[in-house]
């Protein structure tokens, strides 16, 4: 007979493939909570059966409304409720942050049980810099929105991590190659499963590989940071600032130009003032 848990919300990471990755603590908590919140009850039923958990399940996903959230908060004040995703760590490109925020605002206990996360696992497999990385979730489906999203992160000096589906992989890699240029990247799929695979190359090479051969399974794309660029010359800085100052204040122009040229904002701002700009 399992001992009951103290009331509150328990955020439980679940395996992303191999059920052997389930921690003993996570399994124990799932067997002791009063209710399990799951994205897809059909998917989670297999996991709960595997660990011997018998708590009732409630579907909780992007379309769950405020009414359900309030009912869960009321129950959470007297019972233990677990939040799980279909695979991996809840809230990472999954619903749930509103429930966590509401639970904290209500003064309820919130616990997390760390475990598998596809984004982190992919970083360990890609062989690309991991000292700084940015998780982007899924790119937008429409071409214009996707290109805009890529442009927003093009200058960030960090590795990029994205989730993608097999049917969209080739198209997304094409857009990434166009927007980011020549960068090393890795396509990682089916992490921890029998057919786990990591394919590396430039974005253009990977786009060509998958353009007409969409793979199956769960996919993560990892992209290396932009290459080091030579420091912008004074002439390049002046040209960029002069154009920016036509429509922007010196501080705003300096910020935009500094980001574009990869130089300190202080240098750009000082030169903007020398060129006659006034804030």
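The values are calculated or read from the model by the stated rules, or taken from the named source; none is laboratory data. These numbers come from a predicted model, not from an experiment. So basically every Cβ, Gly included, is an ideal-geometry build from the backbone, and we count neighbours across all protein chains shown.
Could you go through segment 217-228 and let me know if any residue there is in the same structural domain as residue 140 (by TED's automatic domain parsing), in a helix (DSSP H, G or I) and at pLDDT below 95.
Taking every residue of segment 217-228 in turn, none turns out to be in the same structural domain as residue 140 (by TED's automatic domain parsing), in a helix (DSSP H, G or I) and at pLDDT below 95.
Suppose we filter segment 119-133 for residues that are under 17 Å from residue 226 (Cβ atoms) and surrounded by 13 or more Cβ atoms within 10 Å (Cβ to Cβ); how many remain? Full working, then the answer.
The first filter runs over segment 119-133 and keeps only residues under 17 Å from residue 226 (Cβ atoms), leaving 126, 128-133.
Among the residues that remain, those that are also surrounded by 13 or more Cβ atoms within 10 Å (Cβ to Cβ) are: 126, 128-130, 133.
Number satisfying all stated conditions: 5.
Are any of the residues in segment 141-159 within 30 Å of residue 69 (Cα to Cα) and either in the same structural domain as residue 201 (by TED's automatic domain parsing) or in contact with a strand residue (DSSP E or B) (Cβ under 8 Å, 6 or more places away or on another chain) (or both)?
yes
Spot the failing condition for residue 172; the list is (1) in a helix (DSSP H, G or I); (2) farther than 29 Å from residue 15 by Cα, and only one is missed.
Here residue 172 clears every test but (2).
Out of 245, 273, report the one residue that is farther than 19 Å from residue 157 by Cα, surrounded by 16 or more Cβ atoms within 10 Å (Cβ to Cβ) and out of contact with any strand residue (DSSP E or B) (no Cβ under 8 Å at 6 or more places or on another chain).
One residue alone meets the criteria, 245.
Name the residue that is surrounded by the most Cβ atoms within 10 Å (Cβ to Cβ), counting only residues in segment 175-208 that are touching a residue at least 60 places away in the same chain (Cβ under 8 Å) and not in a strand (DSSP E or B). Quick ask: steps written out before the conclusion?
Going through segment 175-208, the residues touching a residue at least 60 places away in the same chain (Cβ under 8 Å) turn out to be 186, 188, 190-193, 196, 198, 200.
Next, from what is left, pick out any that are not in a strand (DSSP E or B): 190-193, 196.
Details: 190: 17, 191: 27, 192: 17, 193: 14, 196: 15.
Among those that are touching a residue at least 60 places away in the same chain (Cβ under 8 Å) and not in a strand (DSSP E or B), it is 191.
Identify the single condition in (1) surrounded by fewer than 20 Cβ atoms within 10 Å (Cβ to Cβ); (2) touching a strand residue (DSSP E or B) at 6+ places or on another chain (Cβ under 8 Å); (3) farther than 30 Å from residue 201 by Cβ that residue 103 does not satisfy, given that it satisfies every other one.
Going through (1) surrounded by fewer than 20 Cβ atoms within 10 Å (Cβ to Cβ); (2) touching a strand residue (DSSP E or B) at 6+ places or on another chain (Cβ under 8 Å); (3) farther than 30 Å from residue 201 by Cβ one by one, residue 103 breaks only (1).
Hey, does segment 50-73 have a residue that's within 24 Å of residue 195 (Cβ to Cβ), exposed (fewer than 15 other Cβ atoms within 10 Å of the Cβ) and over 24 Å from the mean Cα position of the chain (by Cα)?
Yes: one or more hits.
Could you look through segment 148-174, keep only residues that are modelled with pLDDT under 95 and in contact with a helix residue (DSSP H, G or I) (Cβ under 7 Å, 6 or more places away or on another chain), and pick out the one that is surrounded by the fewest Cβ atoms within 10 Å (Cβ to Cβ)?
Applying the filter and picking the extreme gives 151.
So which residues in segment 115-125 are under 16 Å from the mean Cα position of the chain (by Cα) and in a helix (DSSP H, G or I)? First the steps, then the outcome.
First pass over segment 115-125, keeping only residues under 16 Å from the mean Cα position of the chain (by Cα): 115-124.
Matches in segment 115-125: 118, 119, 120, 121, 122, 123, 124.
Hey, residue 136 hits all of (1) under 17 Å from residue 221 (Cα atoms); (2) buried (at least 21 other Cβ atoms within 10 Å of the Cβ) but one; which does it fall short on?
(2)
Name every residue in segment 85-114 that is assigned to a loop (DSSP other than H, G, I, E, B), under 30 Å from residue 199 (Cβ atoms) and touching a helix residue (DSSP H, G or I) at 6+ places or on another chain (Cβ under 6 Å), in order of residue number.
86, 91
State which residue is nearest to the chain's Cα centre (by Cα) when the search covers only segment 212-229 and only residues that are within 13 Å of residue 158 (Cβ to Cβ) and crowded, with 24+ Cβ neighbours inside 10 Å.
222
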